[in-house]
1. Rounded to the nearest 10 degrees, what's the angle between the helix 170-183 long axis and the longest principal axis of the chain, both from Cα atoms, 0 to 90?
2. How high is the relative contact order of the chain? Use alpha-carbon pairs under 8 Å, at least six apart in sequence, and give a whole percent.
3. Give the angle, between 0 and 90 degrees and rounded to the nearest 10, that separates the Cα long axis of helix 74-84 from the longest principal axis of the Cα atoms of the chain.
4. Residue separation times 0.36 nm, minus the C-alpha to C-alpha distance between Lys161 and Lys12: what's the value?
5. Which residues' amide hydrogens lie under 5 Å from the amide hydrogen of Ile56, considering only partners 5 or more residues apart or on another chain, with H built in the peptide plane?
6. Which whole-Hz ³J(HN,Hα) couplings does region 102-118 yield from phi under the Karplus relation 6.51 cos²θ - 1.76 cosθ + 1.60, θ = phi - 60°, glycine and proline marked x?
7. How large is the helix-only mean residue ellipticity at 222 nm for the chain, computed as the sum of -39500 (n - 2.57) over DSSP H runs with n ≥ 4, divided by its residue count, in deg cm²/dmol to the nearest 500?
8. In the calculated pair distance distribution of the chain, what percentage of Cα-Cα distances lie above 35 Å?
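The values are calculated or read from the model by the stated rules, or taken from the named source; none is laboratory data. If you're wondering where the values come from, they're calculated on a predicted model, not measured in any experiment. Glycine gets a Cβ as well: all are built from the backbone with ideal geometry, and neighbour counts include every protein chain shown. Ligands, DNA and RNA are excluded from the accessible area calculation, which covers all protein heavy atoms including side chains. Shrake-Rupley method; radii C 1.70, N 1.55, O 1.52, S 1.80 Å.
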Amino acid sequence: MELQTMKDKDYKDKRVFLRVDFNVPVENGEIIDDTRIKAAIPTIEYLLKQGASLIISSHLGRPKGKVVPEMSLKIVAERLEELIGKDVKFISDCVGPEVKKTAQALKPGEIVLLENVRFHKEEEEGDEEFAKELAALADCYVNDAFGTCHRKHASVYGITKFFKDIAAGYLIEKETSALSKLLENPEKPFLLILGGAKVADKIGMVKNLLDKIDTLITGGVMAYTFIKAKNWEIGDSKVEMDAVPLAKEIIREINKRHLEFHTPLDHIIADKIAPDAHYFATERGTVPHNWIGVDIGPQAIEEYTDCIKRAKTIFWNGPMGIYEIEEFAKGTLEIARAIGQQKGVFSVIGGGDSVAAVNKAGVAESISHICTGGGASLEFLEKGTLPGIEVLKK
Ligand code: ADP
Ligand code: MG
């Protein structure tokens, strides 16, 4: 996929409207994880070095078109200032005469962060007038908000037609090139590891990947949905009943293609979902009556590790168990470590919880690519592109 990139452009003395994804988790007025802010820094620094001034725009949370003080980006401006060691002006709106005045007065090297763009309902509606007003603040446009590219929102989609000069930032370049590599000529064998809880949301992606992969291994609620689809006993394990017909369809497609497919050979089962539960490993791949499957068992870990060792390309989405509880985290952490230890493999991890698990296992450094945009990455793998990416194409 050929995108317009910053390399092709001249940013000297230009005011750049830079859309980023600063949608960080905030608890009690504190940023608890600044990964997303850090992810935008290479683009910010490049543009400043080229002599641009920056008008940065982002959303935070879901204010639904209203001003919600807890979702203000002011704390993000402060954190960004610390991270890049430069002044970051903050302005408490993203449109209007005050904003316009501030933008016009910017000198090369200066940065202003606009208030949460979703405080205006026009953003999510993709309103054209609103997009035009945002665009009027700057000379050119750079989008680095990969996590928002699956939405046709004003600041990622509609805005582009009001600029002659638009480009993808480094993060978007990196995400699209890693995900495209999975879709276009992945090195074989290609192993897909599916776990987690949101089964129906992921089926589209799985269907599209069936033509590329050689092996599918499953854990989590995903596995129980497949086991249920095989009419095996799953006890009181969590399952997405609505997705069972879809899982049946996937199994048919897998059989048609003669792909290698595994549900766990054994399970960790518990009498409740709590750290003080009674729990043990089953002997077989079913879950007895009244018990809950909370993790993959030791035989499954061994079998899945073997699949990982044989793979040349790996995409992993979704934990193998309820990894938030230490007693049920082993399967997920062992899979993370096995991927981390694999040399010469192209490995991609997507999904908020899967990324958290990889960090918990301490192997993030050994992964080829860690996706920053959960929903956006999955939709890219389903459709091969995203609306916000299409408009950045050459
Ligand atoms: P990701 O964020 O990586 O896409 P999901 O959000 O789909 O992953 O799934 C993560 C959630 O799935 C975690 O909160 C985890 O506790 C839950 N989960 C995994 N296995 C099970 C299970 N066997 N039963 C219930 N919940 C599970
Ligand atoms: Mg999740």
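1. It is inclined by approximately 30 degrees.
2. Numbers: 853 pairs, mean separation 63.2, N = 394.
Worked out over the chain, it gives 16 percent.
3. The two axes meet at around 90 degrees.
4. Additional length available on full extension: 51.5 nm.
5. Leu18, Val112, Leu113, Leu114
6. The phi angles translate into 4, 4, 5, 7, 5, 9, x, x, 8, 10, 10, 9, 7, 5, 2, 5, 7 Hz.
7. Values: 14 runs with 144 residues, N = 394.
Per the formula, -11000 deg cm²/dmol.
8. Values: 25620 of 77421 pairs.
Here the long-distance tail beyond 35 Å is 33 percent of all Cα pairs in the chain.
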